[in-house]
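To start, the structure under review is shown below, and the notes come after it.
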Amino acid sequence: PYFDALDAAIESPLVVHNYASILSQSRHFPTRSLLCMDEGHRAAESAGHHLEVFIPRRELISEFGHHVEFDQIIERANSDAEISSPELRKSVKRMRSLWWIYGVDPPKEEENAETFTPIAFAGVHTSMGSTFVPTRLGPAGSLLTNKGKRVLISSATILDPKMLMMELGAGKKDYEYIQLDSD
């Protein structure tokens, strides 16, 4: 039933999603003529959460020992070094798969690897493990905005429209901000 509903949504000219749904299914949906985003002040945050990678502490310990530095994990994700832990290998693969969001694909063997810039993550370490998030949300925000030829973002709480547009990857000339009084 899920896949039947998904197929029907893909074929439909009008679809209602929450942010988590459109982010997880974005590769399947064609670009629409109009994308309406309500509660738009949460769009970039939702894209950022979608891109988080959590690595449990036990996996980090099994690979690096009890003391692991953030840079060691990023270095491992950016290298082709063998990873013994299957769970950590899966997490690192997810981190590497996020490169396409930034318009940068890992170099193929025949390409010049010197021009390749790996994705940058920031990390939060807790007793449970480490969570990695992209350091720039702009390219991530395009995961949402590129689903519409035109995008209407509405919200009662847009505090800084320029900052919101920057977080969604829109340039200064790519948007118009209209503020209306509340009824």
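Across segment 24-39, what is the number of residues that are over 16 Å from the mean Cα position of the chain (by Cα) and not in a loop (DSSP other than H, G, I, E, B)?
6
Yes or no: Leu23 among the hydrophobic types (A, V, I, L, M, F, W, C), loosely packed, with under 14 Cβ neighbours inside 10 Å and within 29 Å of Met166 (Cβ to Cβ)?
No, not satisfied.
Quick one: is Ala77 closer than 16 Å to Ser46 by Cα and at pLDDT below 75?
no
Quick check on my filter: what residues within segment 135-183 are at pLDDT 85 or above, among the polar types (S, T, N, Q) and under 25 Å from Pro30 (Cβ atoms)?
Passing the criteria: only Ser154.
Name every residue in segment 40-67 that is in a helix (DSSP H, G or I) and within 30 Å of Thr157 (Cβ to Cβ), in order of residue number.
Gly40, His41, Arg42, Ala43, Ala44, Glu45, Ser46, Ala47, Gly48, His49, His50
Find all pairs meeting these conditions: Cβ atoms under 8 angstrom apart; at least six residues apart or on different chains; first residue within segment 61-72 and modelled with pLDDT of 75 or more and open to solvent by less than 50 Å² (accessible area, probe 1.4 Å); second residue outside any loop (DSSP other than H, G, I, E, B) and not polar (S, T, N, Q).
Once the first residue is modelled with pLDDT of 75 or more and open to solvent by less than 50 Å² (accessible area, probe 1.4 Å) and sits in segment 61-72, its partners that are outside any loop (DSSP other than H, G, I, E, B) and not polar (S, T, N, Q) give Glu63/Arg76; Glu63/Leu88; Phe64/Ile73.
The values are calculated or read from the model by the stated rules, or taken from the named source; none is laboratory data. Just so it is clear, the structure is predicted and the values come from calculations on it, not from any experiment. Glycine also receives a Cβ, built like all others from the backbone with ideal geometry; neighbour counts cover every protein chain displayed. Keep in mind that these areas ignore ligands, DNA and RNA; they rest on the heavy atoms of the full protein, side chains included. Shrake-Rupley method; radii C 1.70, N 1.55, O 1.52, S 1.80 Å.
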